[in-house]
1. State whether the residues of region 6-29 include one that is free of Cβ contacts under 8 Å to residues at least 40 places away in the same chain and assigned to a loop (DSSP other than H, G, I, E, B).
2. Among (1) of a type outside the set (Ser, Thr, Tyr); (2) buried (at least 17 other Cβ atoms within 10 Å of the Cβ); (3) closer than 23 Å to Leu18 by Cβ, where does Asn90 come up short?
3. Looking at (1) assigned to a helix (DSSP H, G or I); (2) farther than 22 Å from Met31 by Cβ; (3) modelled with pLDDT of 90 or more, which one does Val160 not meet, given that it meets all the others?
4. Is it the case that some residue within region 89-107 is modelled with pLDDT under 85, on the phi > 0 side of the Ramachandran plot and not β-branched (Val, Ile, Thr)?
5. With modelled with pLDDT under 75, surrounded by 15 or more Cβ atoms within 10 Å (Cβ to Cβ) and either touching a Phe, Trp or Tyr at 6+ places or on another chain (Cβ under 9 Å) or not polar (S, T, N, Q) (or both) as the only criterion, which of Ala202, Ala190 stands out?
6. For region 51-69, which residues satisfy the criterion of being under 16 Å from the mean Cα position of the chain (by Cα), touching a residue at least 12 places away in the same chain (Cβ under 8 Å) and assigned to a helix (DSSP H, G or I)?
7. Based on what the data block shows, is Leu91 of a type in the set (A, V, I, L, M), touching a Phe, Trp or Tyr at 6+ places or on another chain (Cβ under 8 Å) and in contact (Cβ under 8 Å) with a residue 40 or more places away in the chain?
Amino acid sequence: MTTEATPPSVGAVLRDALRDSYLVILTFVVMFVGVGRMSALAGLDAVQTALMTLLTVAAPAQAAAMSILAAGSGGGTAWIAAVTSVVVINLRFIVMVASVMARLPRLSMPRSVATLGFLSASSFAVIFPRMIGEAPPRRPALYVGLTCLCCALSATAGAVIGHRSSGAVSPLAGALLGAVVPTYFATLIAGQWKDKALMRNAFAGAVLVPLAAPLLGPSALLLVPLAFAVVTTLVQRRKSHA
């Protein structure tokens, strides 16, 4: 007779989530200071900044929205354009959410939202390798939810700090904080250098998205990676069947 091992406690799962995501958490606090500064310049208050960060958790989408609001002086048309920009850019999360959900037990709709509602590109980069690795979490839904929440809260904290200290941050410091975003993602991707397919896709995205942006606008962030992923998947399948 065998007995099933006792599932790990919430505290144990939280420790695993923090151990895996501490680099993202620390980086988010710094990175989103620049987002908070942009939010202040666009005319949002601290509460609006916190809510937008918590609900978006995407520095590129927020940066695009803040640029639109700043240029449009916060009018109704500018808000519509900003929200549309955020939605279009964040459509990329459809692929990420589907990839994670395929490796989770069946969840109800409320639990799915609670688990993946705060997913970001960075928390996905932490979660997905763990889910497909040799030692996946024993309580995967709880692990995913806690990892996403910790990253989202750190981003929100950084944005509020940036908003409150916007007057004390020089333009040069603000530009340096903005440079953290691409540098951070490049470093995060470089950590997966053994995955040749991932590195090939990342390099192609870095080259093709800027080239397509003048034609496609913000939707280039979604359409170009999806198109390249479809092409590479078809090529791989063709090779495997050859």
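The values are calculated or read from the model by the stated rules, or taken from the named source; none is laboratory data. This one's a predicted model, so the numbers in the text were calculated from it and none came from an experiment. Please note: Cβ atoms are built from the backbone with ideal geometry, for glycine as well, and neighbour counts cover all protein chains shown.
1. Yes, there is a match, as at least one residue in region 6-29 is free of Cβ contacts under 8 Å to residues at least 40 places away in the same chain and assigned to a loop (DSSP other than H, G, I, E, B).
2. Among (1) of a type outside the set (Ser, Thr, Tyr); (2) buried (at least 17 other Cβ atoms within 10 Å of the Cβ); (3) closer than 23 Å to Leu18 by Cβ, Asn90 violates only (3).
3. Failing condition for Val160: (2).
4. So far as region 89-107 goes, no, none of its residues is modelled with pLDDT under 85, on the phi > 0 side of the Ramachandran plot and not β-branched (Val, Ile, Thr).
5. Result of the check over Ala202, Ala190: Ala202.
6. Scanning region 51-69 gives Met52, Thr53, Leu54, Thr56, Ala59, Pro60, Ala61, Gln62, Ala63, Ala64, Ala65.
7. On the way: of a type in the set (A, V, I, L, M): yes; touching a Phe, Trp or Tyr at 6+ places or on another chain (Cβ under 8 Å): no; in contact (Cβ under 8 Å) with a residue 40 or more places away in the chain: yes.
Taking the combined requirement at face value, the residue does not satisfy it.
Let's see how each residue does on (1) over 23 Å from the mean Cα position of the chain (by Cα); (2) assigned by TED's automatic domain parsing to the domain that holds Gly133; (3) among the hydroxyl-bearing types (Ser, Thr, Tyr):
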residue: Leu18; (1), (2), (3): no, yes, no
residue: Ser21; (1), (2), (3): no, yes, yes
residue: Ile25; (1), (2), (3): no, yes, no
residue: Gly43; (1), (2), (3): yes, yes, no
